[in-house]
Amino acid sequence: MHHIIYEDHQIYLEKEESEIPWIKIFTKEPYKELGDVPKKLRSRLWETYDIVEYEMKQYYHPKKINMASFANILPRVHIHVMARYENDSHFPNPMWGEKLRDATLNLPDEKEFHKKVFNALTKSNQQKA
């Protein structure tokens, strides 16, 4: 099941089920490559990434934010934004890499984080209108 955190006429954000805070940013239109995305929408994608990264850093205080975009299995533009911790199950490996340990992370409520992201994106969108 897809858990949508934010959606408008250009983009939507989904939560990835994981032990770590992990959000995926999609364009509504399924472009195959970043270069296929119209420049204005590409700027919007990066503005959205900036907002998500900022909110994730402020709320979760991770060791590092990881950003990735492979789109091999799902061949459409989307950006992964992940909060990483030294004691998560894969660190310093990517989350798709080899698991190094069993982890129990004690993190603040993700519903509150999703609300912060939603509000920040709504505010950013209203300022452009």
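Residue by residue through region 73-86, note down the ones that are loosely packed, with under 13 Cβ neighbours inside 10 Å and modelled with pLDDT of 95 or more.
Within region 73-86, GLU86 is the sole residue that qualifies.
Only residues that are under 30 Å from PRO30 (Cα atoms) and either part of a helix (DSSP H, G or I) or polar (S, T, N, Q) (or both): list them for region 76-120, please.
Those that are under 30 Å from PRO30 (Cα atoms) and either part of a helix (DSSP H, G or I) or polar (S, T, N, Q) (or both): ASN93, GLU110, LYS111, GLU112, PHE113, HIS114, LYS115, LYS116, VAL117, PHE118, ASN119, ALA120.
So which of ILE73, ILE65, ILE79 ends up being aliphatic (A, V, I, L, M) and free of Cβ contacts under 8 Å to residues at least 12 places away in the same chain?
Numbers: ILE65 fails: free of Cβ contacts under 8 Å to residues at least 12 places away in the same chain; ILE79 fails: free of Cβ contacts under 8 Å to residues at least 12 places away in the same chain.
Matching residue, one of ILE73, ILE65, ILE79: ILE73.
Just wondering, is there one or more residues in region 49-58 that are without any contact (Cβ under 8 Å) to a residue 40 or more places away in the chain and either in contact with an Asp or Glu (Cβ under 8 Å, 6 or more places away or on another chain) or of a type in the set (Phe, Trp, Tyr) (or both)?
Yes - at least one qualifying residue is present in region 49-58.
Six or more apart or on different chains, Cβ under 6 Å: which pairs go from a residue in region 1-14 that's charged (D, E, K, R) to one that's assigned to a strand (DSSP E or B)? Could you list them?
The qualifying pairs are GLU14/ILE4; GLU14/LYS24.
Go through region 1-60 and tell me which strands (runs of 3 or more DSSP E), entirely inside it, have 2 or more residues that are closer than 12 Å to ILE79 by Cβ and of a type in the set (A, V, I, L, M). Step through it out loud before you land on a result.
On the way: elements: 3-7, 11-15, 22-27.
Of the strands (runs of 3 or more DSSP E) lying wholly inside region 1-60, those with at least 2 residues that are closer than 12 Å to ILE79 by Cβ and of a type in the set (A, V, I, L, M) span 11-15, 22-27.
Has region 99-121 got any residue that is surrounded by 12 or more Cβ atoms within 10 Å (Cβ to Cβ), hydrophobic (A, V, I, L, M, F, W, C) and without any contact (Cβ under 8 Å) to a residue 12 or more places away in the chain? Before you say what the answer is, go through the steps one by one.
Here is the first cut: in region 99-121, the residues surrounded by 12 or more Cβ atoms within 10 Å (Cβ to Cβ) are 100, 103, 105, 107, 110, 113-121.
Filter once more, so that each one left must be hydrophobic (A, V, I, L, M, F, W, C): 100, 103, 105, 107, 113, 117-118, 120-121.
Okay, now just the ones that are also without any contact (Cβ under 8 Å) to a residue 12 or more places away in the chain, so 100.
Yes, that holds for at least one residue.
Test each condition in (1) modelled with pLDDT under 95; (2) in contact with a Phe, Trp or Tyr (Cβ under 7 Å, 6 or more places away or on another chain) for LEU105 and report the one that comes out false.
Unmet condition: (1).
Taking the stated definitions as given, is PRO21 within 18 Å of TRP96 (Cα to Cα), loosely packed, with under 13 Cβ neighbours inside 10 Å and in contact (Cβ under 8 Å) with a residue 12 or more places away in the chain?
no
From the residues in region 27-72 that are closer than 15 Å to GLU14 by Cβ and among the hydrophobic types (A, V, I, L, M, F, W, C), which one is surrounded by the most Cβ atoms within 10 Å (Cβ to Cβ)? Reasoning before the result, please.
First, the residues of region 27-72 that are closer than 15 Å to GLU14 by Cβ: 27-28, 30, 45, 48-49, 52, 56, 68-69, 71.
Narrowing further to those that are among the hydrophobic types (A, V, I, L, M, F, W, C): 45, 52, 56, 68, 71.
Working: LEU45: 22, VAL52: 26, MET56: 21, ALA68: 14, ALA71: 16.
Per the criteria, the residue is VAL52.
The values are calculated or read from the model by the stated rules, or taken from the named source; none is laboratory data. In this text, all values refer to a predicted model and were calculated from it rather than measured experimentally. Don't worry about glycine lacking a Cβ; one is built from the backbone with ideal geometry, like all the others, and counts go over all protein chains shown.
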